[in-house]
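This report concerns only the one structure given below.
The values are calculated or read from the model by the stated rules, or taken from the named source; none is laboratory data. Every value quoted in this text rests on a predicted model; they were computed, and no experiment measured them. Here Cβ is always computed from backbone atoms with ideal geometry, including for glycine, and neighbour counts include all displayed protein chains.
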Amino acid sequence: MIADLSPSDRSKYACALHASKLVESGMKVGLGTGSTAYWLVHHLAERVRNEDLKFVGVPTSTRTRDQAHAEGIRLISMDDAGRLDITIDGADEFDQSMSLIKGGGGAHLQEKIVAFGSDLMVVIADESKKVEKLGRFPLPVEVLKFGSASSQMKIEELLIARKFKDFDVKMRMKDEKPFITDEGNFIFDLKLNEIEDPIGLCGDLNIIPGVVENGLFIDVCSAVIVGHSDGTAEISWKKDIA
């Protein structure tokens, strides 16, 4: 199958396959959302069918839930699961310290709840997702519909106060209408170019009234598995770079 894929999809296939081998019978597993996580669910479902792997998954979006259900993976809710053994998910960016930007698929709220509720959080990504500084990918910020214009104004005021230059804050659209998350909220995408202080920005964004959550994932990622177009992948653990 992998030979029929594009170079980008071969990278995603490879890192997802490597990550799927971290799952053992009896585990409770957070299942990420996105094009790379799609392959993770595919590989895990094959192990369920071919190796009698027995685990339960907690999906991070309706998209992942629907795929996992169709593939025959047993699912439970986060509330029923309690603490998870591992979450495996993609990322839009990661840096040397394994801080992340996530939310390109609009599921970062559930993804963050699941990631922080896990003993291990493993990111699967291709080489293009590694950056020196976060911010090249627009930072998603989920906000309530109520007062969203006020929330946008406060976000812009915060960015000015934090001395961001040439930034842009735009509501995410889909089919010429505002994109709606699984929780019924809007998303603003913040084009920042570089984020000098991800920890400080993350905290400041989340105290703005109306902001539900942002796409900065700090001090949660345990390891990154990078896939390559030749079908290989390697894992780096955070303890190795501490």
- Message: If I ask for residues that are under 18 Å from residue 123 (Cβ atoms) and without any contact (Cβ under 8 Å) to a residue 24 or more places away in the chain, which ones from segment 10-50 would you list?
- Response: 21
- Somewhere in segment 149-157, is a residue outside the structural domain of residue 8 (by TED's automatic domain parsing), closer than 20 Å to residue 194 by Cβ and out of contact with any strand residue (DSSP E or B) (no Cβ under 6 Å at 6 or more places or on another chain)? yes
- Query: Of the residues 116, 94, which single one is assigned by TED's automatic domain parsing to the domain that holds residue 20, of a type in the set (Phe, Trp, Tyr) and in contact with a strand residue (DSSP E or B) (Cβ under 7 Å, 6 or more places away or on another chain)?
  - Reply: 94
- Single condition residue 43 does not satisfy, out of (1) part of a helix (DSSP H, G or I); (2) closer than 17 Å to residue 216 by Cα; (3) in contact with a helix residue (DSSP H, G or I) (Cβ under 6 Å, 6 or more places away or on another chain): (2)
- Query: Counting only residues that are out of contact with any Ser or Thr (no Cβ under 8 Å at 6 or more places or on another chain) and buried (at least 18 other Cβ atoms within 10 Å of the Cβ), how many does segment 49-58 have?
  - Reply: 1
- Task: With the condition kept exactly as written, say whether any residue in segment 75-88 is more than 17 Å from the chain's Cα centre (by Cα), polar (S, T, N, Q) and at negative phi.
- Result: yes
- Query: Pairs under 8 Å by beta carbon, first residue touching a residue at least 60 places away in the same chain (Cβ under 8 Å) in segment 167-183, partner among the β-branched types (Val, Ile, Thr), six or more apart or different chains?
  - Reply: 172/187; 179/187; 181/187; 182/62; 183/212
- Message: Of everything in segment 163-221, what is among the β-branched types (Val, Ile, Thr) and either more than 21 Å from residue 61 (Cβ to Cβ) or exposed (fewer than 14 other Cβ atoms within 10 Å of the Cβ) (or both)? Give them in sequence order.
- Response: 169, 195, 199, 207, 208, 218
- Of the residues 127, 46, which single one is at pLDDT below 95 and more than 11 Å from the chain's Cα centre (by Cα)? 127
